[in-house]
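Working notes, beginning with the structure itself.
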Amino acid sequence: MKGKTFLISLLIIAISWGGNLWFYQSKQLEEPIFLEHYYGGAGVFELYYLTNREDSSHVMSVEFSDGTTLHAKSDYYGFHSESPAYGPDVQSRSTHYLLKKAGFDEQQMRELEVDHEGEATIHFNDGKTVTADIGTVEFSKLREGNGLFRQQSSSSSSNGRSFRSYTVKEDVKIESMSSPFPEVQDDVKMKLYTPSIGTTGTPDGGGPRTYTKEMDEEWSRVAGAPLEKIDFPIEMKQGDRIRLTMQEKPDAIRAYSYEIDLTGTTKNGTPFTQPFLVSNHPQFTPEQMELLIERRGSQ
Amino acid sequence: MNSFHRIFGGLLLVLLDIHLGQIEILADFIGYLLVLSALNSMDGNWKGMKGARATALTLSVLTIPQAFLGQPAGTNEGVNIGFDPLTIYHQALGLIKLVLIFYLFYVFMDWAKKKGEEELERRTHKLFRGYVTAHLFYYALLPFSMNLPESTVIPLFIVGLAVVMILEIMFLILIRAFHKEQNRIEIY
């Protein structure tokens with residue numbers, strides 16, 4: 001190898017370093033990007049946000065729009081890792097970013113009666129403060145069970161499909177269904193199945209095998225009818241099954257955890273409300289992270 | 001101790017990293033000083049000698065801070081290759097070391113040629129091409145690890161590191177061969 005070739009090679013190496021460093025810099029976020037949340041008081045409130053991969057900070061507390069402040073549950077107690085990418089709060093990682101979450105106690109939210117919409121002020125453990133739209137966060141009152149529905153099974157799969165099913169203990173008539181966040185249905189397709197609703201898809205043969213199969217079944221073949229096409233009231237006999245199947249769209253980048261309410265009456269006329277939990281625990285692919293930056297970055 | 005022996009010792013010191021907390025004992029700059037003293041004791045007319053001396057001097061100055069700065073965070077983790085200033089400093093030193101080795105190869109080849117050691121010259125030339133090409137590829141591809149997914153980077157990085165390490169050892173073995181040759185020549 002001649003000196004000249006060697007020199008040119010060194011030049012190429014310098015260009016490679018410069019170019020890669022430049023590209024890396026161009027990918028860095030100025031501040032964390034928060035997902036849009038739809039939290040209706042069901043389960044732990046999880047705040048999701050995207051940070052740079054090298055960013056080791058985590059959320060300490062959030063000031064909501066109604067003036068209440070909540071401290072995050074600490075996942076970091078007694079935990080130490082040199083690399084931020086392998087912290088306990090990391091949900092997903094890509095070459096440049098991390099999707100992290102912070103959990104907040106629902107009991108505490110109930111006590112403070114948190115009712116938030118839009119911009120919140122988020123404090124990080126490294127002293128950084130970010131103001132960002134985090135969506136809607138509401139507490140909910142603790143409800144008493146009605147004793148009419150028995151949890152049969154529930155399952156969720158990594159392809160964004162999940163379902164919950166119950167059996168009813170007496171004859172009931174379901175008169176309506178309401179969701180606190182109808183807009184989330186842009187992101188999630190839902191189908192409700194009872195023996196009296198249509199017979200498309202898998203017949204309710206019972207047994208766990210049907211459910212496993214249902215998780216991979218084509219959406220059009222999943223049992224039941226889309227929520228918007230259901231004619232109320234729905235009559236159900238004792239021992240009948242009711243199942244809500246949900247399918248998240250691949251470009252869904254919102255975080256939600258809330259309950260859909262089924263209201264109806266029993267045979268002897270007593271009214272009841274039965275909640276169906278609708279929640280996701282976002283885990284993003286690198287493509288979804290890019291989508292999030294595109295939609296919510298530099299607002 | 002003849003000059004090849006000192007070059008061997010110096011480069012071995014550079015290759016070995018023994019840390020006592022932050023501070024590196026057997027620091028790299030001592031290794032480069034050893035190489036520099038060996039080069040100064042040799043005939044200055046060998047091809048590549050001027051460049052080798054200048055680079056060895058540059059390195060022995062530039063590596064002084066390294067002894068006290070500790071290893072970049074990435075090396076402790078094993079998996080992550082960070083791109084903080086410390087890592088870039090380390091990589092830049094590696095690159096200058098490559099320049100030094102480049103000149104050393106020229107010195108060695110010229111030495112072997114002048115002493116009529118054809119076999120040794122051929123062997124040196126072969127390793128020269130392999131060593132320099134592999135290292136150039138390694139340094140050109142390394143920065144892509146910033147922007148490529150982990151699953152691609154880690155296997156490549158492990159292979160790259162293994163190849164580079166093998167070549168370093170082969171080079172040290174070659175210097176030993178030169179050392180033996182010189183001893184043999186001196187005896188006769």
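The values are calculated or read from the model by the stated rules, or taken from the named source; none is laboratory data. The model shown is predicted, which means the values in this text are computed figures rather than measured ones. Glycine gets a Cβ as well: all are built from the backbone with ideal geometry, and neighbour counts include every protein chain shown. Keep in mind that these areas ignore ligands, DNA and RNA; they rest on the heavy atoms of the full protein, side chains included. Shrake-Rupley method; radii C 1.70, N 1.55, O 1.52, S 1.80 Å.
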Would you mention how many residues in the stretch A:112-154 are over 18 Å from A:S279 (Cα atoms), among the β-branched types (V, I, T) and open to solvent by less than 50 Å² (accessible area, probe 1.4 Å)?
4
Pairs returned, first residue in the stretch B:165-188 that is of a type in the set (K, R), second residue that is modelled with pLDDT under 90, beta-carbon separation under 6 angstrom, 6 or more apart or interchain, are none
Output for Cβ contacts, cut-off 8 Å, separation at least six or different chains, first residue over 20 Å from A:S178 (Cβ atoms) in the stretch A:244-263, second outside any strand (DSSP E or B) and among the β-branched types (V, I, T), reads A:Q247/A:V222
Condition met for A:E54 (touching a residue at least 24 places away in the same chain (Cβ under 8 Å), more than 16 Å from A:I293 (Cα to Cα) and not assigned by TED's automatic domain parsing to the domain that holds A:S179):
yes
Pick out the one residue from B:I175, B:I169 that is surrounded by 18 or more Cβ atoms within 10 Å (Cβ to Cβ), in a helix (DSSP H, G or I) and at pLDDT 90 or above.
B:I175
Checklist (1) more than 10 Å from chain B (Cβ to nearest Cβ); (2) under 27 Å from B:L95 (Cα atoms) applied to A:E54, failing item
(1)
Restricting the stretch B:129-148 to residues that are part of a helix (DSSP H, G or I) and at the interface with chain A (Cβ under 7 Å from one of its Cβ atoms), which is nearest to the chain's Cα centre (by Cα)?
B:V132
State whether the residues of the stretch A:5-27 include one that is more than 11 Å from chain B (Cβ to nearest Cβ) and either open to solvent by 50 Å² or more (accessible area, probe 1.4 Å) or out of contact with any Leu (no Cβ under 7 Å at 6 or more places or on another chain) (or both).
no
Does the stretch A:58-75 include one or more residues that are within 11 Å of chain B (Cβ to nearest Cβ) and either in contact (Cβ under 8 Å) with a residue 60 or more places away in the chain or farther than 30 Å from A:Q274 by Cα (or both)?
no
Subset tally (residues that are open to solvent by 10 Å² or more (accessible area, probe 1.4 Å), more than 9 Å from chain A (Cβ to nearest Cβ) and β-branched (V, I, T)) for the stretch B:90-107:
1
